[in-house]
Amino acid sequence: MTKLASALAALSFELASRIDEEEVAELVRKSLLDAAAAAVAACKTDVFATAKRFSAAAYGAGHSSFWFSPELGTSALGAVFANASAMSALDIDDGNRAARGHLGAAIIPVATAIGSQVDASERQFGGAVLAGCEIGAFLGAAEQPAFSASGRWAGVGAAVAAGLLLD
């Protein structure tokens, strides 16, 4: 493992362990509430309907589900794609000013899909979301020159969350 990967892994574990602290737990709860609100608002949009159709066709069946939707049995990757699409469809999902972008739409759907597959505890799930968002925000804020493109660093945060949940 490279020095950078080792440092990111160590920081991920350290951040995830903070989930018991009251302020951190509250931050995670607010992030999840924001994710749910953005996704609920987009439930009836063409974006979400198209994302669900694409997910079913491209990623197939499985044991994951689309949020706030009656369809059941999509793959984890299909659920991540469609649920992330719902979160960002109306551009009302969370944002991070320092990183100049959106973290939750990348990280929370990944953590939800993988967390349900591995039967993660509330603490594991919250720690994964917290660490993924923090590391994604660190990377976005450090980007030089400053550029507003969540896709360049939010995926790293999603990978951090997935890695923590998959142990």
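Worth a mention:
- Tally, over the range 72-100, of residues that are more than 21 Å from residue 118 (Cα to Cα) and part of a loop (DSSP other than H, G, I, E, B): 11
- When the range 129-154 is filtered for residues that are modelled with pLDDT of 80 or more and over 16 Å from the mean Cα position of the chain (by Cα), the ones remaining, listed by number, are 141, 142.
- Here residue 60 meets the list (1) open to solvent by 20 Å² or more (accessible area, probe 1.4 Å); (2) under 27 Å from residue 25 (Cα atoms); (3) at pLDDT 90 or above almost entirely, failing just condition (2).
- Residue within the range 18-36 that is touching a strand residue (DSSP E or B) at 6+ places or on another chain (Cβ under 8 Å), open to solvent by less than 40 Å² (accessible area, probe 1.4 Å) and at pLDDT 85 or above present: no
- When 50, 112, 74 are checked against the criterion of being surrounded by fewer than 18 Cβ atoms within 10 Å (Cβ to Cβ) and β-branched (Val, Ile, Thr), a single residue qualifies: 50.
- Residue within the range 26-39 that is closer than 22 Å to residue 83 by Cβ and acidic (Asp, Glu) present: yes
The values are calculated or read from the model by the stated rules, or taken from the named source; none is laboratory data. Keep in mind the model is a prediction, meaning the values are calculated, not measured. No Cβ is skipped: glycine too gets one built from the backbone with ideal geometry, and neighbour counts run over all protein chains shown. Just the protein is used for accessible areas: all its heavy atoms, side chains included, with ligands, DNA and RNA removed. Shrake-Rupley method; radii C 1.70, N 1.55, O 1.52, S 1.80 Å.
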